[in-house]
1. Applying the selection to segment A:230-246, what residues are in contact with a strand residue (DSSP E or B) (Cβ under 7 Å, 6 or more places away or on another chain) and closer than 19 Å to A:LEU29 by Cβ?
2. Whether any residue in segment A:203-213 is over 17 Å from A:GLU161 (Cβ atoms) and within 15 Å of the chain's Cα centre (by Cα) is what I want to check.
3. Are any residues in segment A:100-110 within 30 Å of A:SER3 (Cβ to Cβ) and at the interface with chain B (Cβ under 8 Å from one of its Cβ atoms), and if so, which ones?
4. Please state which of the following conditions A:THR91 fails to meet, knowing it meets all the rest: (1) within 8 Å of chain B (Cβ to nearest Cβ); (2) among the polar types (S, T, N, Q); (3) in contact with a Phe, Trp or Tyr (Cβ under 9 Å, 6 or more places away or on another chain); (4) farther than 30 Å from B:LEU253 by Cβ.
5. Return the only residue of B:GLU179, B:GLU175, B:GLU150 being open to solvent by 10 Å² or more (accessible area, probe 1.4 Å), within 23 Å of the chain's Cα centre (by Cα) and at pLDDT 85 or above.
6. Suppose the filter is in contact with a strand residue (DSSP E or B) (Cβ under 6 Å, 6 or more places away or on another chain) and more than 9 Å from every other protein chain (Cβ to nearest Cβ); does A:LEU60 pass it?
7. Across segment B:243-263, which residue is farthest from the other protein chains (Cβ to nearest Cβ) among those that are of a type in the set (A, V, I, L, M, F, W, C) and farther than 12 Å from B:CYS61 by Cβ?
8. Checking the structure you have, find out if any residue of segment B:263-272 is in contact with a strand residue (DSSP E or B) (Cβ under 9 Å, 6 or more places away or on another chain) and closer than 20 Å to A:PHE101 by Cβ.
Amino acid sequence: MISVNKLFKTYGKKTVVSDVGAHFPAHKLTSLIGPNGAGKTSLLMMIARLLEPTHGDIFLNGNSIFNIRPADYAKKVATLRQAPGFNLRLTVSELVAFGRFPYSRGVLTTEDYRVIDEAIEFLSLGTLRDAYLDEISGGQRQMAFLAMTIAQQTDCLLLDEPLNNLDIKHAVQIMSALRRLCDEQGRTVILVVHDLNFAANYSDHIVAMKEGRVHYSGSVENVVKKNCLQDLYELNFRIARSEQGYLCNYFKPSGELK
Amino acid sequence: MPLNLFAMFIVLCAASLMVGAQSLAWYEIFSLSGDAWLILTVSRLPRLVTLVLAGVGLSVCGVILQHITRNKFVEPATSGGLDAAKLGILIALTMMPAIGAVGQMLFALVFCLASSLVFVAIVRRIQFSNTVLVPVIGLMYGGVLSAIAEFYAYHNNILQSMQGWLLGDFSKVIEGRYEIIYLIVPAVGLSYLYAHRFTVLGMGESMAASLGLSYAATAALGLILVAVTVSATVITVGAVPFIGLVIPSLVALRYGDNLGRTLPIIALSGASMLLICDIFGRLIMYPFEVPVGLTAGGIGGVLFLVLIFKGGR
């Protein structure tokens, strides 16, 4: 389990994360939601140790993460960020193999190959194994990066907007894969996501942020509520709940919703 | 390792031994007649070794710099590294004329390393801008360093002898004057051991960090290896441009960027390309020679342009 205590991040006079305390339950899928500039990505990057907090502490299973060596942390927590500047010509399987870097440092064992094959199989990327990353679609690329993160075999996965720029089919594929990682493999997944409907339908737990603070945090039923979301986004919401799940409707401004 | 590439490399090595102002036939080598043996051991073999090591070293340097800066158009000649090394030699020559080749190389090494660190710091600040902008900045930066060197040389009345290192030239490589080039062997060996780490560097700082790799330490090691190779090359043969840029890009098109797998291919291709440039330079106005800096600059420059147009596609 990951917990965050009195966390601050400031740049000069600007505070992007302010007095944040939150719990991310183990073996569950937690979505970080909130408007742009809420500090979601900053919080995630601090948990990933890619950003130094100004104050506060972060705990992984009760130990401060800053006491863990970076090389060991890479075996406990894997991070997937968007990679717009990624320009290496690697094949899908070569990329996934780099997920084993924390363990093998380059020299792959048969165990490593087994994990790589498993990760590729898990996301049904078998047919793309030998395709170069710059020759496949954005959605397939994102799946390949996710496979690399899975191959890192960490208890916890952090993902920053993994659905960005994806079509709905790939978005559903990614979210169901994350769901299966929690349910079948007992991993802890934390992701920043903008699409409320994906957050509502695929998460166990939601942490909602606004202006650097946590406004709501809890199970999906407790956060995906009309008054919470309206407060968060300053939009009118209509939330329908059926056997197919949640549907948050915010597309028409006030009054036009019938 | 592709066999045809290896075969081409062997043929080029043989050709390089055969070509020269003094004609040399196969049977003379095997009969070990005095003259042929002398030419071979004093001039041709040292030259071949230097060519191969310089080609290997420069192409490996190029690809390491490209992974550190995450830009395919960076190499020692487009990042100020060569110019800094020349400035270092110049300062060594004027401040401590008696320091000798090894001392001069150390100066070149320190200057090259310092200038690479500055260049990487600049590039990291402008990381997400245009890819062609980075080598342009590198060329400008190199231009400034070069201008300082020229002004300094002019001031000390050694502008003429400075031309010697401006242009890569293998004709002065003879027994007893080239051995520093062997420093490239351990540098390239280490690069190969660290090939996977350099590939991870190429994925960017945050991805390297989340894979548990220390970015700063690995990048620093890479820059040291580059500085060793560049300074050893400049002190032995002078500046040879474009090899480090063209070869890694061509190899990446065909074999990808996974250095653990492609580094031997890059090394062999770099050596082959430099051998071709040198043989060409020795034959074009036989029995005189065109310095390899010119032929490599010409052939490499054209390939560079082709790559830019292909890259912009």
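1. Across segment A:230-246, the qualifying residue is only A:TYR246.
2. Yes, because at least one residue in segment A:203-213 is over 17 Å from A:GLU161 (Cβ atoms) and within 15 Å of the chain's Cα centre (by Cα).
3. Step one: of segment A:100-110, the residues within 30 Å of A:SER3 (Cβ to Cβ) are A:100-103.
Once the filter is applied, which keeps residues that are within 30 Å of A:SER3 (Cβ to Cβ) and at the interface with chain B (Cβ under 8 Å from one of its Cβ atoms), segment A:100-110 yields A:PHE101, A:PRO102.
4. For A:THR91, the failing item is (4).
5. On the way: B:GLU179 fails: at pLDDT 85 or above; B:GLU175 fails: at pLDDT 85 or above.
Result of the check over B:GLU179, B:GLU175, B:GLU150: B:GLU150.
6. In short, yes.
7. B:VAL246
8. No, because not a single residue in segment B:263-272 is in contact with a strand residue (DSSP E or B) (Cβ under 9 Å, 6 or more places away or on another chain) and closer than 20 Å to A:PHE101 by Cβ.
The values are calculated or read from the model by the stated rules, or taken from the named source; none is laboratory data. Quick caveat, the model's predicted, so the values are computed rather than measured. Please note: Cβ atoms are built from the backbone with ideal geometry, for glycine as well, and neighbour counts cover all protein chains shown. Each accessible area value is taken on the protein alone, full model and side chains, heavy atoms only, with ligands, DNA and RNA left out. Shrake-Rupley method; radii C 1.70, N 1.55, O 1.52, S 1.80 Å.
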